[in-house]
1. Quick one: which residue in 89, 142 is under 19 Å from residue 36 (Cβ atoms), among the acidic types (Asp, Glu) and either within 20 Å of the chain's Cα centre (by Cα) or surrounded by fewer than 15 Cβ atoms within 10 Å (Cβ to Cβ) (or both)?
2. Would you mind telling me which numbered condition in (1) at positive phi; (2) in contact (Cβ under 8 Å) with a residue 12 or more places away in the chain residue 71 fails?
3. Using the structure shown, decide if residue 133 is in contact with a strand residue (DSSP E or B) (Cβ under 9 Å, 6 or more places away or on another chain), closer than 23 Å to residue 2 by Cβ and in contact (Cβ under 8 Å) with a residue 60 or more places away in the chain.
4. Kindly provide the set of residues from the range 60-116 that are of a type in the set (Gly, Ala, Ser) and assigned to a helix (DSSP H, G or I), ordered by number.
5. Within the range 41-86, restricting attention to residues that are buried (at least 20 other Cβ atoms within 10 Å of the Cβ) and among the acidic types (Asp, Glu), which residue is farthest from residue 31 (Cα to Cα)?
6. Would you pick out the residues in the range 36-59 that are out of contact with any helix residue (DSSP H, G or I) (no Cβ under 7 Å at 6 or more places or on another chain), part of a strand (DSSP E or B) and more than 13 Å from residue 3 (Cβ to Cβ)?
7. Which one is surrounded by the fewest Cβ atoms within 10 Å (Cβ to Cβ) among residues in the range 103-130 that are touching a residue at least 40 places away in the same chain (Cβ under 8 Å) and out of contact with any Leu (no Cβ under 9 Å at 6 or more places or on another chain)?
8. I'm trying to understand the selection: among the residues of the range 1-35, which are within 16 Å of residue 77 (Cβ to Cβ), among the hydrophobic types (A, V, I, L, M, F, W, C) and part of a strand (DSSP E or B)?
Amino acid sequence: MRAEKIARGKAEEVSKTNEGIIIAADTFVACDGKVLEKPIDLEEAREMLKMESNKRIVVYTGFCYIDKLNGINFSTTSISNLDLREIRENEINNFVENNPVLQWSGAFCPLYLYQTTFINHFEGSITSVSGLPTDLLTECFEKSGVEIKGSSL
């Protein structure tokens, strides 16, 4: 898949000159047969959100993990499906003006609380949709012997 190839390319490039664990990811959104990457400006973000309104979007996140020390070289694509409700024009305008939409493929990232109100149905990995599938990362860390310590608030 395209996202996986891009993530692998990023990781392999970094691994040429770096030791240790290398993690790379790449995300894009598909809607109505079109690939949506990060919008170039706020108007394109508005158009993307209008296109995604009341539709199913598919989020593809390529993930690559290289740990030379432990001989781990893993990559995959995480796929999530989101059915969005109809998003009204005033909501789109407010959203675009008050959120960092130029940072997100498809101008959308459901880890922000307000954006979760756009979703009618979700299938897949929520962290993958945000750009880094932490479920896969955790598995890879365990294989590398990396201890993940939690904290209490």
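Every number here is computed from the coordinates shown, using simple stated rules; none is lab data. Quantities reported herein were computed from a predicted structural model and do not represent experimental measurements. Glycine gets a Cβ as well: all are built from the backbone with ideal geometry, and neighbour counts include every protein chain shown.
1. 89
2. Of (1) at positive phi; (2) in contact (Cβ under 8 Å) with a residue 12 or more places away in the chain, only one is false for residue 71: (2).
3. Spelling it out, residue 133 is indeed in contact with a strand residue (DSSP E or B) (Cβ under 9 Å, 6 or more places away or on another chain), closer than 23 Å to residue 2 by Cβ and in contact (Cβ under 8 Å) with a residue 60 or more places away in the chain.
4. Result: 105, 106, 107.
5. 67
6. Result: 56, single match.
7. Applying the filter and picking the extreme gives 103.
8. Across the range 1-35, the qualifying residues are 23, 24, 25, 28, 29, 30, 35.
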